[in-house]
Amino acid sequence: MNRHAPHRNSKLTALTGLAIASIALLTACGTTTSGATKPTASAPTALGANEGAVSILAWPGYVEDGSNDPTVDWVSAFQDETGCKVTSKTYGTSDEAFNLMKTGDYDVVAASGDASLRLVAAGDVAPVNTDLIPNYAGIYDFLKLQAWNSVDGISYGIPHGYGANLLMYNKNVVTPAPTSWDVVFDKSSAYKGKVTAYDSPIYIADAAMYLMKHQPDLGIKNPYALDEKQLAAAVDLLKQQRPNIGEYWSDYLKSVQSFETGDTVVGTTWQVIRNSLAAGTPAEVTVPSEGVTGWSDTWMIASKAAHPNCAYAWLNYIASPKANAQATEYFGEAPSNQKACEFMTDPNQCATYHAGDADYASKIWYWTTPIAKCIDGRTDVTCTDYAAWTTAWQEIKG
Amino acid sequence: MLQPESGGPVPAPRDTGARRISVFLSRHPRLRLSLLLSAPLFWLGLVYIVALAALLITALWTVDTFTGTITQTWTLDNIVTVLTGSLYQTVTLRTLGVAVVVTVVDVLVALPIAFYMAKVASTRWQRVLVIAVLMPLWASYLVKAYAWRSVLSSDGIVDWLVAPFGGQTPGYGLPATVITLAYLWLPYVILPIYAGLERVPDSLLEASGDLGGRTGSTLRLVVLPMIWPAIIAGSIFSFSLTLGDYITVNIVGGANQMLGNLVYTNVGAANNLPLAAAIALIPIVIIFGYLAAVRRTGALDNL
């Protein structure tokens, strides 16, 4: 028998004991996270005194207090006006925002449509009584009470700004100028290895929107309400597109660079990317005939907000023409307030982003979280939810 | 009993608290040992074993897709999904392939450089070269990866260099990923091999020459067996670092994804921590397998 065996065994026993102890400890800690019941929050009917502080979670560039750029500051004016001291945190993706809101540390969140319904479903945000927000009256009507900021006619927030996922193409390579998304789908093989697409499960909606026009027998009415069969068709289309993709982008600077170098010649983009291209880059953006997807962001209030009155004060402030103009111009999107255009430093800003152009806005399918209950009103089928889209997206990328 | 020669009897030490503790400890060697070991063991336990156990346990839970909260019912579903899903098999093979190619490239590049540094260069140049090898580590990982992105772009310097010969840049994809990762991990492979070569006495090379060994056979029969553990040690770095990487492939990998990307999207986009934990177990199992295989070579003593 090995002389060292007993010694070894005792070490092994100790390790096993330690492992078991740690498992027991973890299980004990873990149980506290589950079993959370859904809070039935309701909107307040009157406001009280400001609490003196508010904690905000937002996209970068939405809550600027001058610390990034001394000339970019709309938070100080709010603090002086209301006495609410602002602490803010930025996030990079809608999914990150969704996870951060679970901590309960934030009173207010600026959520895109692919996060807002999830936040409502998880009970993390409360309905917003828009009567308590005077500046709500100044918001474009076509942004109010939409599928991504309300549930059953109850408002869950204030529209902030919106933009479209446009088609950008290299004028020297993609000729004639495209009028359809077919250059990135059915005809994408002509640009093999130089096509780009947005790297997120929500991009499946772009394929669904394309199929709405080109395969009407699938019966897609809303690209965010897909049953199993419709999702499978969209996934097939994206799998055909996959070999022609040079790269997917989620970091907009990466997309700017690849269009400048010519590594990408056609694909989905944002207006702000077009605006960031170096002068002389032969790239142009267009709204193809099938329409476009886009985003419309919403300021929402946490259901367990520690500072609800300051949260309402912030929602009212950021919806005011001046603050709305400052924030949306800095980020590069259309404002939600009808009078915001008067406060833009660049007089062409609103024209560039088609602010208030209801016709342009009606062509946009705004990001909406896909959920099991079909948002196009169908009740005879269940739709595929965001988890199914995420799994599908990973399989498309392969 | 012996009396001291001078100075009288040694005075009895004062009976302080510290002394009483020290007496107690000296009479209880087991307690002394456990107190001594508890701090490092606590650290080891917390950082390695608890973290691994947490990962394993999380992999056995599921997520409620509607509310996004973790449901703590025990299930093997995630493990089964990861083992049987074709997506995970493809991505695992791709990641493994990239890790192997990066490691082979790094070892092939590192061997001549390390040999020159250890055996040919003067002491002065040796120092300069060590600094030169270490220098890239001063720059951020991201800066280097983005630099390769512009080097390999279609109007980058690679394309400009090979265009006269009818070539073109490999573009963004797996070759670009291998090039970038091989560059990033090269210092970690050169240094252990250099250290290994330094330990090969020059007299052995001379003896081999005196006995009629040619350069090739000296390297193959004398040097290589001696530095083999060092090569393995270097390969562990490049292999394991590549297995876990997800940033480089995101920057220069085109549309490809590796295991790290799957973990990342499941933590972030999918909010499915249990599945991410199950995927994260794949590289851990591979690394454990690799470490177990190389343990016999004695390479782990060179880390």
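Some notes on this structure:
- Applying the criterion of being part of a loop (DSSP other than H, G, I, E, B) and within 12 Å of chain B (Cβ to nearest Cβ) to the residues of region A:224-253, the residue that is modelled with the highest pLDDT is A:Ser250.
- Unmet criterion (only one of (1) farther than 13 Å from A:Gly157 by Cβ; (2) within 13 Å of chain B (Cβ to nearest Cβ); (3) touching a helix residue (DSSP H, G or I) at 6+ places or on another chain (Cβ under 6 Å)) for A:Asp124: (1)
Here is a yes/no grid of residues against (1) closer than 30 Å to B:Ala176 by Cα; (2) assigned to a helix (DSSP H, G or I); (3) within 14 Å of chain A (Cβ to nearest Cβ):
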position: B:Ile79; (1), (2), (3): no, yes, no
position: B:Arg94; (1), (2), (3): yes, yes, yes
position: B:Thr103; (1), (2), (3): yes, yes, no
position: B:Ile113; (1), (2), (3): yes, yes, no
position: B:Ala118; (1), (2), (3): no, yes, no
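- Residues (surrounded by fewer than 20 Cβ atoms within 10 Å (Cβ to Cβ) and either of a type in the set (Phe, Trp, Tyr) or touching a strand residue (DSSP E or B) at 6+ places or on another chain (Cβ under 8 Å) (or both)) located in region A:242-253: A:Ser250, A:Tyr252
- Of the residues in region B:209-220, none is farther than 24 Å from A:Ser200 by Cα and within 20 Å of the chain's Cα centre (by Cα).
- The condition (being among the small types (Gly, Ala, Ser) and crowded, with 22+ Cβ neighbours inside 10 Å) is satisfied by just one residue among A:Ala233, A:Ala225: A:Ala225.
- Residue tally, condition in a helix (DSSP H, G or I) and more than 10 Å from every other protein chain (Cβ to nearest Cβ), over region B:243-277: 12
- So A:Ser289, is it surrounded by fewer than 22 Cβ atoms within 10 Å (Cβ to Cβ), under 14 Å from A:Val128 (Cβ atoms) and among the small types (Gly, Ala, Ser): no
- Some residue of region A:201-211 being more than 12 Å from chain B (Cβ to nearest Cβ), within 30 Å of A:Gln349 (Cα to Cα), of a type in the set (D, E, K, R) and buried (at least 20 other Cβ atoms within 10 Å of the Cβ): yes
- Cβ-Cβ under 6 Å pairs, at least 6 apart or on other chains, region B:32-54 side more than 11 Å from chain A (Cβ to nearest Cβ), far side surrounded by 11 or more Cβ atoms within 10 Å (Cβ to Cβ) and in a helix (DSSP H, G or I): B:Arg32/B:Leu25
- Residue list for region A:75-116, filter: touching a residue at least 40 places away in the same chain (Cβ under 8 Å), surrounded by fewer than 24 Cβ atoms within 10 Å (Cβ to Cβ), among the polar types (S, T, N, Q) and under 18 Å from A:Ala305 (Cβ atoms): A:Thr82
- Evaluated against (1) within 14 Å of chain B (Cβ to nearest Cβ); (2) part of a helix (DSSP H, G or I); (3) more than 22 Å from the chain's Cα centre (by Cα), A:Val256 falls short on exactly one condition, (3).
- Residue count for region A:338-395 satisfying the condition of being under 22 Å from A:Asn165 (Cα atoms), within 14 Å of another protein chain (Cβ to nearest Cβ), outside any helix (DSSP H, G or I) and touching an Asp or Glu at 6+ places or on another chain (Cβ under 9 Å): 4.
- Of note, B:Gly167 satisfies the criterion of being more than 14 Å from every other protein chain (Cβ to nearest Cβ), small (Gly, Ala, Ser), within 28 Å of A:Thr261 (Cβ to Cβ) and over 21 Å from the mean Cα position of the chain (by Cα).
- Screening the candidates A:Asp199, A:Asp152, A:Asp186 for the property of being assigned by TED's automatic domain parsing to the domain that holds A:His307 and of a type in the set (D, E, K, R) yields one hit, A:Asp152.
The values are calculated or read from the model by the stated rules, or taken from the named source; none is laboratory data. Only a predicted model underlies this, so the values are computations on that prediction, with no experimental measurement involved. Here Cβ is always computed from backbone atoms with ideal geometry, including for glycine, and neighbour counts include all displayed protein chains.
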